[in-house]
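A short write-up of the structure that comes next.
The values are calculated or read from the model by the stated rules, or taken from the named source; none is laboratory data. Note that the coordinates shown come from a computational prediction; the quantities given were computed from them, not determined experimentally. Cβ placement follows ideal geometry from the backbone for every residue including glycine, while neighbour counts extend to all protein chains displayed.
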Amino acid sequence: MLIDLHAKTNLSDGVTLSSRQVLQQARKAGLDGIAVCETLATARCPEILELAKSEFDDLRVFIGVEIPTDRGILLGFTPHIDEFYLNEEWAWLTHRTTPSATAVIDLFDSQNGIVIAARPYDLEIPFNMGDYIFEFDRLGAVEVFNPRVGRIQNNFALEAATFMGVGTTGGSDPSDDASVIGQYATFFEEDISSQRLMVDALRESDYWAVQIGERSGQKRSSRKRKKNTDRGRRRNR
């Protein structure tokens, strides 16, 4: 099953694509599903869910949220689409200041959710994560395919995920070009039919980031996180 785990619409700053355009391109690209991760916005997520149900019932739509932190961008997912999203109960972290990555991870842990590091080596992100990624042993996965960054930055993310023993994901993270939807995705070996199953799969199942048309990429090597005794920053770049 191919899922874009980092889709956005014009509910996010800097994105001009409508929900319908995103869903149309996802269908055109042959995706099985998308996870909509608006930047600091989840209250209106029922709108795209209803649109998908009425006009794109061949696509599975999941909901996450993109949160900029003091150590880069995190994607947070919870197993249920409830008041936590609809009332934006996560937003208390972001009202007055940029939250710490640790606080965001703690919050989603408290909701039995999971957090993904998005384009961690993007130098255009204020306070980008970079090699600080190795300090966060509760990350669920690392986004290693994202069209906003180049091959080098994606490769650095892939190297970090491999070293940490966590899953790898891919997504479109679009702005004004719908054609990026379908370039990268995340391949799941099992069918994902609900938000809860998606979160469970990210935590427990085999999945990996892919370029569309390929089934190669960085496969999750184990359901259990590797225990590295020499954890730290990459050397000799």
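Taking the stated definitions as given, is Arg60 buried (at least 18 other Cβ atoms within 10 Å of the Cβ), closer than 21 Å to Phe136 by Cα, touching a residue at least 40 places away in the same chain (Cβ under 8 Å) and among the charged types (D, E, K, R)? Before the answer, list the steps.
On the way: buried (at least 18 other Cβ atoms within 10 Å of the Cβ): yes; closer than 21 Å to Phe136 by Cα: no; touching a residue at least 40 places away in the same chain (Cβ under 8 Å): yes; among the charged types (D, E, K, R): yes.
No; evaluated as a whole, the condition is false for this residue.
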Would you pick out the residues in region 23-51 that are among the aliphatic types (A, V, I, L, M) and closer than 21 Å to Glu88 by Cβ? Ile34, Ala35, Val36, Leu40, Ala41, Ala43, Ile48, Leu49, Leu51
Take Thr78 and tell me if it is hydroxyl-bearing (Ser, Thr, Tyr) and surrounded by 19 or more Cβ atoms within 10 Å (Cβ to Cβ). yes
Residue check, Arg71 in contact with a strand residue (DSSP E or B) (Cβ under 7 Å, 6 or more places away or on another chain) and either under 23 Å from Asp173 (Cα atoms) or modelled with pLDDT of 95 or more (or both): no
Just to confirm my filter: which strands (runs of 3 or more DSSP E) fall fully inside region 146-237 and include at least 3 residues that are at pLDDT below 95, surrounded by 14 or more Cβ atoms within 10 Å (Cβ to Cβ) and aromatic (Phe, Trp, Tyr)? none
Pull up region 19-51, narrow it to residues that are part of a helix (DSSP H, G or I) and among the β-branched types (Val, Ile, Thr), then point me to the one that is nearest to Gly182 (Cα to Cα). Val22
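Can you confirm whether Asp4 is charged (D, E, K, R) and either farther than 22 Å from Asp177 by Cβ or in a helix (DSSP H, G or I) (or both)? It would help to see each step written out before you state the result.
Numbers: charged (D, E, K, R): yes; either farther than 22 Å from Asp177 by Cβ or in a helix (DSSP H, G or I) (or both): no.
Considered against the rule, which asks whether it is charged (D, E, K, R) and either farther than 22 Å from Asp177 by Cβ or in a helix (DSSP H, G or I) (or both), Asp4 comes out as no.
Can you confirm whether region 128-137 contains a residue that is touching a Lys or Arg at 6+ places or on another chain (Cβ under 7 Å), part of a helix (DSSP H, G or I) and buried (at least 19 other Cβ atoms within 10 Å of the Cβ)? Spell out the reasoning first.
If we filter region 128-137 for residues that are touching a Lys or Arg at 6+ places or on another chain (Cβ under 7 Å), which is where we start, we get 129, 131-132, 134.
Filter once more, keeping what is part of a helix (DSSP H, G or I): 131-132, 134.
If we keep only those that are buried (at least 19 other Cβ atoms within 10 Å of the Cβ) as well, we get none.
No, region 128-137 contains no residue that is touching a Lys or Arg at 6+ places or on another chain (Cβ under 7 Å), part of a helix (DSSP H, G or I) and buried (at least 19 other Cβ atoms within 10 Å of the Cβ).
Yes or no: Phe108 in a helix (DSSP H, G or I), of a type in the set (Phe, Trp, Tyr), modelled with pLDDT of 95 or more and surrounded by 15 or more Cβ atoms within 10 Å (Cβ to Cβ)?
Yes; evaluated as a whole, the condition is true for this residue.
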Residue under evaluation Arg71, criteria (1) surrounded by 19 or more Cβ atoms within 10 Å (Cβ to Cβ); (2) in contact with a Phe, Trp or Tyr (Cβ under 9 Å, 6 or more places away or on another chain); (3) more than 23 Å from Phe136 (Cα to Cα); (4) of a type in the set (Lys, Arg), criterion not met: (3)
Given (1) part of a loop (DSSP other than H, G, I, E, B); (2) touching a Ser or Thr at 6+ places or on another chain (Cβ under 8 Å); (3) touching a residue at least 40 places away in the same chain (Cβ under 8 Å), Pro99 misses just (3)
Pairing a residue in region 1-19 that is without any contact (Cβ under 8 Å) to a residue 60 or more places away in the chain and more than 24 Å from Ala201 (Cβ to Cβ) with any residue that is of a type in the set (Ser, Thr, Tyr) and not in a loop (DSSP other than H, G, I, E, B), where Cβ atoms lie under 9 Å and the two sit 6 or more apart in sequence or on different chains, gives Asn10/Ser19; Leu11/Ser19; Leu11/Thr39; Ser12/Thr39; Asp13/Thr39
